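Participant: Could you have a look at this structure, given as structure tokens, before my questions?
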Amino acid sequence: MPDVKDPVCGMTIAEADAVATVDHDGSTYYFCSQDCAEEFRENPDDYT
């Protein structure tokens with residue numbers, strides 16, 4: 001599995017280790033924590 005970058009905190013994680021994912025505008029974003037995923041859900045345009 002490839003590494004992905006959490007768009008909120010910038011941490012690089014293995015895709016398989018992502019704690020949460022969010023689909024937005026046809027793309028899937030991967031997160032290291034539920035907190036980062038929630039921040040993204042609240043303000044997705046700040047991170048895309």
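Participant: Sum up the charges of everything whose Cβ sits under 12 Å from the Cβ of ASP3, counting Lys and Arg as +1 and Asp and Glu as -1, but leave ASP3 out.
Facilitator: -2
Participant: Can you list residues from other chains, or at least 5 along the same chain, whose modelled amide H is less than 5 Å from the amide H of MET11?
Facilitator: The answer is ASP6.
Participant: Something else: Translational diffusion coefficient of the stretch 3-46 at 10 °C, 1.306 mPa s, Stokes-Einstein with Kirkwood Rh over Cα pairs, in µm²/s as a whole number. Mind showing how you got there, number by number?
Facilitator: Details: Rh = 10.1 Å.
Taking Rh from Cα pairs, D becomes 157 µm²/s.
Participant: Under 8 Å for C-alpha pairs, at least 6 residues apart: give me the relative contact order for the chain, rounded to a whole percent. Before the final figure, lay out the partial values.
Facilitator: Numbers: 74 pairs, mean separation 16.2, N = 48.
Over the chain, the number comes to 34 percent.
Participant: Can you tally the net charge around GLU39? Count Lys and Arg as +1, Asp and Glu as -1, for every other residue whose Cβ sits under 11 Å from the Cβ of GLU39.
Facilitator: Overall, the nearby charge balance is -4.
Participant: Now, a different point. Rounded to the nearest 20 Debye, what is the dipole magnitude of the chain about its Cα centre when Lys and Arg each give +1 and Asp and Glu each give -1 at the C-beta?
Facilitator: Magnitude of the dipole: close to 120 debye.
Participant: For the chain, what does the helix formula give at 222 nm: sum of -39500 (n - 2.57) over DSSP H segments with n ≥ 4, over the residue count, nearest 500 deg cm²/dmol?
Facilitator: -5500 deg cm²/dmol
Participant: Add +1 for every Lys or Arg and -1 for every Asp or Glu among the other residues with Cβ under 13 Å from the Cβ of GLU15, and state the total.
Facilitator: Local net charge: -2.
Each value in this text was obtained by applying a stated rule to the coordinates, not by laboratory testing. Here the structure is a predicted model, which is why all the values come from computation and not from measurement. FYI the Cβ positions are ideal-geometry reconstructions off the backbone, even for glycines, and counts take in every protein chain you see.
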